[in-house]
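J.: The structure under discussion is supplied below as structure tokens; questions concerning it will follow.
Read-outs: derived from the displayed coordinates by stated rules, not from any lab. Predicted, not measured: the structure shown is a model, and the values here were computed from it. For neighbour counting, all protein chains shown are included, and Cβ atoms are generated from backbone atoms with ideal geometry for every residue, glycine included.
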Amino acid sequence: MFLINPPSVVDFDVWSAMPDAYRRPRRSAWADANRGGAPTDSFLEGPVFDDAGNLYVTDIPWGRIFKIDKAGTWTLIAEYDGEPNGMKFLATNRLLITDYKNGLIMLDVTTGAVEPYLERRNSERFRGVNDLVFDAEGNLYFTDQGQSGLHDPTGRLYRLRRNGQLDLMLDNVPSPNGVALSPDGRVLYLAVTRGNCVWRVPLMIDGSVSKVSRFFTSYGPSGPDGVAVDSEGNLLVCNPGLGYVWLLNHRAEPIIVWRSPKGMSTTNIAFGGPDRRTIFCTESVSGSILTASAPNAGLPLARLRGVAGK
């Protein structure tokens, strides 16, 4: 890759870490399949902020949702039989969660109650949903990753319309993971973990996709995971395996590379702080939350507008 200006390299700070009281250093079914059987006391993903500035994260192997307040204090909000990953707010107190075992589920953060939202498509279970994002009209895009990869490039990208119609948009992805939308909503960025790249997915006026292309190519033992877009349309890409978060311009040229000081598993990011110019990154294996200042504010996240309950 030829770059006129090399990117700035900045180290993250460690903002908070899971307290020892919540850690479970033993084997789990999830770790047997995804961590080579190594004891995994937690694996954090899905960071998202509520309106009061509290950060919520998932703990995949133990089916837990945590709230972290502004002072960095952790509270267990829910624990259930699942493997939660990405999260977005439906409404003020309702989180929509992509759960590998259960499909889309909904969590009431005030009571900790969990209920199904979308478990199956045409009576068939999902392979293993991973991440999600709403557009400005309240349509939901989510990935169905399962154990797909270069050996089995059959991961899926779905759109759930507000009227309940479920559209299968892509079914040939080698490990679809994080999703984010451009500021105008006309392009979806799709992290393709096992392909070690990010796809650019144009969203056509008729609702279809066309001329899907590879926007960014990474390297190393594990490819892009969570993605986000800032107010200027730049793309942020978490890259576990490298311990990086890339900030890319519209030509996919790196502007900044943030590096983890804690571990290599930089999986997901959320913008927070009073001006939304602080990024919070989950370092999943160490159970840590990393922070850094960003040059631009994060693009505001859309919700399912007009919904107070479901």
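J.: How much net charge surrounds Asn54 when only the other residues with a Cβ under 14 Å from the Cβ of Asn54 are counted, with Lys and Arg +1 and Asp and Glu -1?
T.: Combined, the nearby Lys, Arg, Asp and Glu give -1.
J.: Please give the peptides 195-203, 163-171, 35-43 ranked by average Cβ packing (other Cβ atoms within 10 Å per residue), highest first, as a rough proxy for protection. Walk me through the intermediate numbers first.
T.: Numbers: 195-203: 20.9, 163-171: 12.6, 35-43: 16.2.
Per-residue mean Cβ counts within 10 Å order the peptides as 195-203, 35-43, 163-171.
J.: Just check region 114-154 against the gyration tensor rule for me: Cα atoms, a ≥ b ≥ c as the square roots of the eigenvalues, rounded for a/c under 1.5, and otherwise prolate or oblate depending on whether a/b exceeds b/c.
T.: On the way: a/c = 2.34, a/b = 1.38, b/c = 1.69.
Because a/c hits 1.5 or more and a/b fails to exceed b/c, region 114-154 counts as oblate.
J.: Also: Note the count of lysine pairs whose C-alpha atoms are less than 27 angstrom apart in the chain, limited to pairs 8 or more residues apart or on different chains.
T.: Eligible lysine pairs with Cα atoms under 27 Å apart amount to 10.
J.: Sticking with this structure for a sec: Percent relative contact order of region 163-310, based on C-alpha pairs within less than 8 angstrom and at least six residues apart?
T.: Details: 338 pairs, mean separation 21.1, N = 148.
RCO, region 163-310: 14 percent.
J.: Does region 124-254 come out rounded, prolate or oblate, given a ≥ b ≥ c as the square roots of the eigenvalues of its C-alpha gyration tensor, rounded meaning a/c under 1.5 and, failing that, prolate meaning a/b above b/c? Numbers along the way, then the final one.
T.: Values: a/c = 1.81, a/b = 1.15, b/c = 1.57.
It comes out oblate by the Cα gyration axes.
J.: In terms of the ratio Rg/(2.2 N^0.38 Å) built on C-alpha atoms, what value belongs to region 1-137?
T.: On the way: Rg = 16.9 Å, N = 137, 2.2 N^0.38 = 14.3 Å.
The value comes to 1.18.
J.: While we're looking at this one, here's another question. Where does each of 241-254, 283-296 land if you order them by average Cβ count within 10 Å, highest first?
T.: 283-296, 241-254
J.: Further, regarding this structure: May I ask for the Kirkwood hydrodynamic radius of the chain, worked out over all distinct Cα pairs and given in angstroms to one decimal?
T.: 19.2
J.: Based on the mean of other beta carbon atoms within 10 Å per residue, what is the order of 255-262, 172-179, 100-107, 74-81, most packed first?
T.: Packing proxy ranking, top to bottom: 172-179, 100-107, 255-262, 74-81.
J.: Let me ask something additional. What number comes out for the charge environment of Pro84, summing +1 per Lys or Arg and -1 per Asp or Glu over other residues with Cβ under 13 Å away?
T.: Every neighbour counted, the sum reads -4.
J.: Let me ask something additional. When the expected Rg is taken as 2.2 N^0.38 Å, what fraction or multiple of it is the alpha-carbon Rg of region 35-115?
T.: Ratio of Rg to 2.2 N^0.38 Å for region 35-115: 1.04.
J.: Follow-up. Can you tell me, using C-alpha contacts under 8 Å and at least 6 residues apart, the relative contact order of the chain as a whole percent?
T.: Relative contact order, the chain: 16 percent.
J.: Amide H of Gly223: which non-local residues (sequence gap of 5 or more, or other chain) have their own amide H closer than 5 Å, using H built in the peptide plane?
T.: Distant-sequence amide H within range of Gly223: Asn196.
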